[in-house]
Structures are given as structure tokens and as C-alpha cells.
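Beneath this line is the structure, given in C-alpha cells, with notes to follow.
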Amino acid sequence: MNKEKIRIGWVALLSFVLLITGCSGTEKVIEPTDQQGEGESPLAEEEEVLGEKDKWLPMRFVESVLEEIVGFLDEKTIVYTTEEDGVSSVLTYNVFSGDVTLLYKKESIISEVAIEPVSRQVALFTSPGRGEEGEITIVNSVGNTIYSEAFSASEITLEPSSLAGWEVTAFQPDWSYEHFLLTNDGLDAVDIDVPFYVRVNSGAIAYLDWDPTKSSLTTKAKWNGVSGGERVLSSQAYAIEDMGEYVVVFATQEGKNKGMVSFFDGMGNEVFSYQAPYLSQYSTWQVPFFSYDEVKNVLYIIHPEESGNVDTYDGLFQMYEVNLSVKEKRPLFEVPEQANLEMSTDGRHLLYGVLTSEVIHLETGKREQFVFQETEQ
């Protein structure tokens, strides 16, 4: 189960408690010009044929079923998981040669996988079933096991850490939680008394200050520096995410039918913010899918054209480019749904879709099918 599903479960728990207990950067938005048609990508002003070195070979699945495309190990290598006859596997795929490498295979459920591109390592958690004792494992880019240890958790999140390794949060069936730092040497407990936090590159902590004794759909997002000092980033936050040198906070606004997306640097200073429509989901709000290009300092994010509910919204979605260096947001093109986004490590391609089954070539704006699930004849 991923971090977003766990966040929704946590908020649902607080909502249940409710039932039984009775800007330093200003928004600069570049709108489409008259010459740019509605839904047309400004990246595709000229027809451009991809060079041979840029030609991606599609992924095809016949016997096995694609479970998830996890992300990029490097500019040409994708990490993904499959399931076949009760056997789960973690593999890599070279988008130019079509070569496949098996990294891990087990008769178990792979519930979480995370990539650390700098060390070219993959961490994963497997278990026979929900709530049963499982195993946390680190493998390298050719499938050699670097670390493996029995580990018990109902749900788990794995996030690459700015301290090297991975930030691990383990949830039990009663929603109690523990935090750890996972490295090649093992697991070390982390003393942070909140369920959801991110550690930015400066080493500072930003977190949602949920009070489990009180019911609330939003809470304060706070920043805590390495040398001490605390400040409130938002008073009505519902989600917080890590973006390398930045933290992005998703919040509601009192009396407004739009949410606020705000970016803060490693010192807790607001860099840029903008308003955007959002969709309600269960007892909370949907976190937009996004992917960050750390080299270009550009975020790609999807928003609905108007606010609504996840289950009933039938409008279109717009993908935006948010440039944090110049503090501006511009529309790129319409997309049919709010779905996964995964940025290639060279910043030239985006995987998009529920199973990230399409590739968007950002230099041309061309979008094409990349994953094909075929039936064996």
C-alpha cells in the first residue's frame, strides 16, 4: 500500500473519531495564447521525429501481469514489478534495447518498492499477507542482495532519504507507527512522533502535526530545522510531500472552493504558491499526481479543470509545468485522468497513466502507448 492510501486511511480513522465523539512567492500563471488551441501542447509547436537513440521499445506482457512501474533507475532503465501464478518479481527494463534483468523474485506479496538512483539500489518489502511478518530487502542494479531482514508491519512506506538510504515508516493494524532509517548496515530507529513527515536535503524535518486524540480533516504543516526552531508552513494542510531541496504542502482555504499548493525551501521559507481546483476523496482531498525534475527545478503536476468529487467528476484534467526558479506555472496540455507521473532521470520523458502505460516525450510533446498487456494465444 502506498503512502497516499495510508494517508487516506489515517484521515478516515480521525473522521471516525469525529463521528463517535459527536506568501513570499506570488502566483504567476501563463495562460494559453490565441495561437495555442485548447488542450494543445506548447511543446509540440513543430512536428519532430525522435532520433533513433530516443526511440523507446514498448513493454509487452503476455504470461505475467504488470503490477507497477516503480520509476527510473537511470535515464534508460525502468524498475517495475510483475505477478505470475502467485510469484512476485522486481525487474528492470532497458527502454532502448528491451533487455530485462530480474532483481528479486519470491512467492509473496510485494507491497512497497522504492528506488535510490544515486546508489542504484532498490529497497522492497514483502509479506505472505497483510499484517503477517515479512521481509525488508535491499538489492543492487543487477539483483545482488545487499541486506535482508525479517520485519513485521501491516503497512509500510519507503522513501529515499536525504541522509542516504531510505526513510521507513511501519504501521500496525491499530495504526500505531514506528520510523526507521534503512541503510546497507540495517535499520535504525528514528525518534519522530508524527505519522507523516519528510526530510529535506538540508536535513530539516517538515511534517503534518496530526493529533490522534482529536478529529480533523486538516492540520498544521510544520517545519523543524536541524539546529532547532519551528515554524508553521500552513494551518490547513492535508498532505505534505518531499521534493529534494523543497517541501510541497497541499492545503485547503477557508471559504474557497480551491486548494493551495505551496513550496518551501530547506530553511522553511516559502518560495512559490498558487491556487488550484481539487477533488474530494472519502474524508479528505486527492493529492495531485506530480513528478519533479531536480536538475531543471521544474515540477510537472496534474489538476482538474474545476473542483469536485473523485467519484463523480467527469471533466478534463490539465498538466502544468511549475518552474520554481522563475516562480511561474504554465499549462502544457490536457490529459484524460489524474494518474501516475514518473520523470526520467534525464528530465526528457514522463511516464503517465494508471499503470504509467504511456510515455510523454517532453521535448516534442508527443504522447504514445508504452505498455501493452497482451493475452497469450
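How far is it, in nm, from the label point at residue 148 to the one at residue 65 when both lie 7 Å from their Cα along the line to the Cβ?
Output for this residue pair reads 2.5 nm.
Can you give the accessible area per residue of the range 125-235, in Å², using a 1.4 Å probe? Could the numbers behind the result be given before it?
Values: 5060 Å² over 111 residues.
That works out to 46 Å² for each residue.
Using Cα pairs closer than 8 Å and at least 6 residues apart in sequence, work out the relative contact order for the range 162-254, in percent. Intermediate values should be presented prior to the final figure.
Values: 181 pairs, mean separation 18.3, N = 93.
Computed over the range 162-254, the figure is 20 percent.
Consider a paramagnetic label point 7 Å from the Cα of residue 184 along Cα→Cβ; state which residues of the range 97-117 have an amide N under 19 Å from it.
Only 103-104, 114-117 fall inside the zone, counting backbone N under 19 Å.
If you average the alpha carbon positions of the range 299-377 and of the range 159-217, how far apart do those two centres end up, in angstrom?
One Cα centre to the other: 28 Å.
What is the spin-label model distance, in nm, from residue 99 to residue 55 if the labels are put 7 Å beyond Cα along the C-beta direction?
My value for the distance between the label points is 1.9 nm.
Rounded to whole Hz and in sequence order, give me ³J(HN,Hα) for the range 254-271 from the Karplus expression 6.51 cos²θ - 1.76 cosθ + 1.60, θ = phi - 60°, writing x for Gly and Pro.
Values per residue, Gly and Pro as x: 4, x, 10, 9, 9, x, 10, 10, 10, 10, 10, 7, x, 9, x, 8, 5, 9 Hz.
Relative contact order of the range 60-124, please, whole-number percent, based on alpha carbon pairs below 8 angstrom and at least 6 residues apart. Don't jump to the answer; show the numbers that get you there.
Working: 121 pairs, mean separation 16.1, N = 65.
Worked out over the range 60-124, it gives 25 percent.
So what's the range 252-375 giving for Cα Rg divided by 2.2 N^0.38 Å, two decimals?
Values: Rg = 15.3 Å, N = 124, 2.2 N^0.38 = 13.7 Å.
Expressed relative to 2.2 N^0.38 Å, the Cα Rg reads 1.11.
Under the definition of Cα pairs under 8 Å and six or more residues apart, what whole-number percent is the relative contact order of the range 296-369? Mind showing how you got there, number by number?
On the way: 127 pairs, mean separation 14.6, N = 74.
In percent, rounded to a whole number, it is 20.
Calculate, for residue 163 and residue 269, the FRET efficiency according to 1/(1 + (r/R0)^6) with r their C-beta to C-beta distance and R0 22 Å; round to the nearest 0.05.
Details: r = 22 Å, r/R0 = 0.98.
FRET efficiency, residue 163 to residue 269: 0.50.
Between the DSSP loop rule and a limit of at most 16 other Cβ atoms within 10 Å, which trypsin sites (Lys or Arg not before Pro) in the range 271-361 are left? List each step's numbers first, then the result.
Details: sites: 296, 327, 329, 348; in loops: 296, 327, 348.
Hits after loop and neighbour filter: 296, 348.
Highest first, please rank the peptides 72-85, 183-196, 153-166 by the mean number of other Cβ atoms sitting within 10 Å of their residues.
Working: 72-85: 18.1, 183-196: 14.2, 153-166: 20.6.
Going from most to least packed, we get 153-166, 72-85, 183-196.
Hey, quick one: spin label on residue 232, modelled 7 Å out along Cα-Cβ, who in the range 260-304 has an amide N within reach, i.e. under 18 Å?
The answer is 260-264, 268-270.
Kindly flag which residue pairs out of 76/327; 256/366; 106/366; 258/327 have an alpha-carbon separation exceeding 27 Å in this structure. Spell out each step's value before the answer.
On the way: 76/327 30 Å; 256/366 36 Å; 106/366 37 Å; 258/327 20 Å.
Violating the 27 Å limit, Cα to Cα: 76/327; 256/366; 106/366.
The values are calculated or read from the model by the stated rules, or taken from the named source; none is laboratory data. Because the structure is predicted, anything quoted here is derived from the model rather than measured. Here Cβ is always computed from backbone atoms with ideal geometry, including for glycine, and neighbour counts include all displayed protein chains. Ligands, DNA and RNA are excluded from the accessible area calculation, which covers all protein heavy atoms including side chains. Shrake-Rupley method; radii C 1.70, N 1.55, O 1.52, S 1.80 Å.
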